[in-house]
Amino acid sequence: MTQDRISVGSFYNPHIARETLEIGHLIDHLSMADPPRADDPYFERVRGSFTLLLHDFIGQLSEPVDEQAVSRARDLIARYRSPWAAEHLQRVHTTDGRHAVDYVFPPIYTEDLLADYIANARALREALGLPLAIEPIPTWLSLDIAHLSEAEFLHRFYEASGCDFLLDVAHEVISARSAGRDAREFIADLPLHRVTEIHVAGTSLDPVLQDDWIGVEPPGPEILDLMMFAAERAPRLAAVTYDAFSRALSAATQERAVRAMRERLGIWK
């Protein structure tokens, strides 16, 4: 792992754009979860100062992605000059479109859904014309149905789709806990050879779930240790991103998080 090989970054949060520009010496790239507003006074400076990565809702990969979503993603890729695009391995709404959830859900890891996700992800990657990194969603609920393990599903999904693996460490910590497994062993079973980007985030108690969930916190020692564990086993790793996209994020928290990541990775500019 060398300094010029791994890009360290954060998500673009417009409400702290000025402060982000001020600590540009710590940040190589910014992930774009939403398109910039037309009245954003900082975006053009941001675009000229950082590598921008498209990390957007392009579509629900259990179903074919429509041409309007693909066209929108292509326009954003061109505007950002993004070297790759990222999307979630997700469910957002019911198949009939009548109901939506307020956070993306993971797929049910079954053989029939695996085939659908592979076909739709491959088609999206080819339509965009650049590498596509797919991020699994944490499995918090257990369903009493026959299904593949997350590791088997992901190994087969990435191999057959040709997509890259965006590993979110906090997501996998939650999935491991739901499966009753050690987080390090759980991550070791995943297809780390396909990882090109790692997300890290802090966790905090969710008052509704009454359990840990991804929060607007700097990553703690466990997350940073697992980041390194995965990074050392990911020969294609290109970027590590602090995963916090929220109006609740302060500039001070973002800076502490990025500094902690750089220190743990041993990467300084």
For this session: Check the stretch 181-189 and report whether any residue there is aromatic (Phe, Trp, Tyr) and open to solvent by 40 Å² or more (accessible area, probe 1.4 Å).
Result: no
For this session: Could you grab the pairs with beta carbons closer than 6 Å, sequence gap of 6+ or different chains, first residue in the stretch 186-201 and under 14 Å from Ile137 (Cα atoms), second one of a type in the set (Val, Ile, Thr) and not in a strand (DSSP E or B)?
Result: Val200/Val169; Val200/Ile223
For this session: Would you mind telling me which numbered condition in (1) in contact with a Ser or Thr (Cβ under 8 Å, 6 or more places away or on another chain); (2) surrounded by 14 or more Cβ atoms within 10 Å (Cβ to Cβ) Ala230 fails?
Result: (1)
For this session: List the number of the failed condition for Glu19; all other conditions in (1) at pLDDT 95 or above; (2) under 14 Å from the mean Cα position of the chain (by Cα) hold.
Result: (2)
For this session: Could you tell me whether any residue of the stretch 193-213 is at pLDDT 95 or above, farther than 25 Å from Gly24 by Cα and either among the aromatic types (Phe, Trp, Tyr) or surrounded by 15 or more Cβ atoms within 10 Å (Cβ to Cβ) (or both)?
Result: yes
Exercise. Of all strands (runs of 3 or more DSSP E) completely enclosed by the stretch 22-90, which ones contain at least 3 residues that are hydrophobic (A, V, I, L, M, F, W, C)?
Worked result: 51-55, 85-89
For this session: Of the numbered conditions (1) out of contact with any Asp or Glu (no Cβ under 8 Å at 6 or more places or on another chain); (2) of a type in the set (D, E, K, R); (3) assigned to a loop (DSSP other than H, G, I, E, B); (4) at pLDDT 95 or above, Glu217 fails exactly one; give the number of that condition.
Result: (4)
Problem set entry | Qualifying residues in the stretch 250-269 (those that are open to solvent by 60 Å² or more (accessible area, probe 1.4 Å) and among the charged types (D, E, K, R)) - the one farthest from the chain's Cα centre (by Cα) | Lys269
Problem set entry | Lone unmet requirement of (1) over 18 Å from the mean Cα position of the chain (by Cα); (2) at pLDDT 90 or above for Ser31 | (1)
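The values are calculated or read from the model by the stated rules, or taken from the named source; none is laboratory data. Because the structure is a prediction, the values reported are computed rather than measured. Every residue, glycine among them, receives a Cβ derived from its backbone with ideal geometry; neighbour counts consider all protein chains shown. The protein model used for the area step is the full one, side chains on, heavy atoms only, and it has no ligands, DNA or RNA in it. Shrake-Rupley method; radii C 1.70, N 1.55, O 1.52, S 1.80 Å.
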